[in-house]
Structure formats: C-alpha cells, structure tokens
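Here the structure comes first, spelled out in structure tokens, and everything after it is commentary.
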Amino acid sequence: TPQPSLGNKNSKTMDTSSDIFDFELFPDQKVLIRFYRNVTNVVALRKKILTRKLDAIAINAKHVTSLDHILLACNKSIFGHAKGTNKTKTINTEILYNLGPSTSINDSLKTFGIPQKNIEVMDIVFVILNPSEEKIVSLATDVAGELTDLSNLAEVTDLDAIAKIFSIGDKERGLHLGLLNGVY
C-alpha cells in the first residue's frame, strides 16, 4: 500500500527560495516554507508573531534536520487539528511542538522557536499555513534577512545540538543515517 507523502511541491508556485507544499490527505491545506539567513530583527519578529501581527511560525534553523522534518511536523499537526487531538492551543504552536521529541510544550517552544533572549543575528525557517498573498507579502516585508534556497538548510544544521535534543548517542550517529533515523 502506498504511504501518504509528507508534503508535495505545488509546481505552480515553486521558485528557488520558497516552496508551497500541499498534503495528500488534506488537499485543502497548504504550507509555505521560507528559509532566511542572517536575520537581524529577531526580537521584533518574535514580538510580531506573539501578538499575531505576523501569521507565521519561526523555527530555529539550527535545530531542523531537513525539509522533511518540518513537513512531518506540519502533517502531524494538520492531522491532529482535523481529529481534534492537538495538545496545544493553536496549530502554529502544535507545529513547533511536533518538531521535537519532548512531551513538554514549553521545551519544544524554547528549542525550536525564537529564543526569548536578545539575539542579534539568527537563521530562521518560516512556515505559513494556507498562505495568502497578504501573508506572503507581510513576511517578505517584515523579515530583515537573506531569503535563501531551502536546499541550503543543511548548511546551518547543528548536528551536535540535534543529537542532544533527540538523545542520539555516538554509536547511533556513526551508523548510516543514524541521526536522521533517531529524529524520524
């Protein structure tokens, strides 16, 4: 039996720096994912997201293993939302929660979100559920950073931090795809 995909690229809306994905089981749901390097207005963005003036999820790019890691969290959150089984108050928060192994919502938000402390420069992956032109323009206008192709995400991934977050030992890390298998 074929397995449902995590997310499919919507070829009508692809470009080199962002992608819109849809979900086989939820064709009415779409997600835009953009990767920004060297974001300099981290504190202002965190405030806009918390006050819902920017309808996006900001993910610490260092703690993401791949695009599939993000799509898996989105898919799981959309499925939970449809079934009414999500653990958090909003689907955006649920995506951050589903990125990690912890059952603590607070730990997941601290690990995968924008830190509360003042950070001058950070690499961030933004996710927008059901992107509208208005949401996309708002993101592009609000972020002071370099829009980068998603294929470059691995350049900023901190494998040591990920191994610690997911409790992956040195022996597992030495195996072929040991780190990724420990995350998924």
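The values are calculated or read from the model by the stated rules, or taken from the named source; none is laboratory data. Not measured: the values here are computed from a predicted model. We place every Cβ from the backbone using ideal geometry, glycine too, and count neighbours over all the protein chains shown. Heavy atoms of the whole protein, side chains included, go into the accessibility calculation; ligands, DNA and RNA do not. Shrake-Rupley method; radii C 1.70, N 1.55, O 1.52, S 1.80 Å.
Over region 13-145, accessible surface divided per residue gives 49 Å², non-protein components excluded, 1.4 Å probe. To the nearest 0.05, what FRET efficiency results for Ser102 and Asp22 with a Förster distance of 41 Å applied to their C-beta separation? Computed FRET efficiency for Ser102 and Asp22: 0.90.
Rolling a 1.4 Å probe over the protein heavy atoms leaves Arg46 with an accessible area of roughly 60 Å². For Glu134, the solvent-accessible surface with a 1.4 Å probe is about 150 Å², rounded to the nearest 10. Pairwise alpha-carbon distances in region 52-184 exceed 21 Å for 44% of all pairs. Couplings 3J(HN,Hα) for region 109-115, derived from phi with the Karplus relation 6.51 cos²θ - 1.76 cosθ + 1.60 (θ = phi - 60°), are 5, 5, 6, 9, x, 7, x Hz, where x marks Gly and Pro. The Lys87 and Glu172 beta-carbon pair, evaluated with R₀ = 35 Å, returns a calculated FRET efficiency of approximately 0.85.
Taking Lys and Arg as +1 and Asp and Glu as -1, the other residues whose beta-carbon sits under 12 Å from that of Val42 total +1. Accessible surface for Leu32 stands near 0 Å², nearest 10, in the context of the full protein assembly shown (1.4 Å probe).
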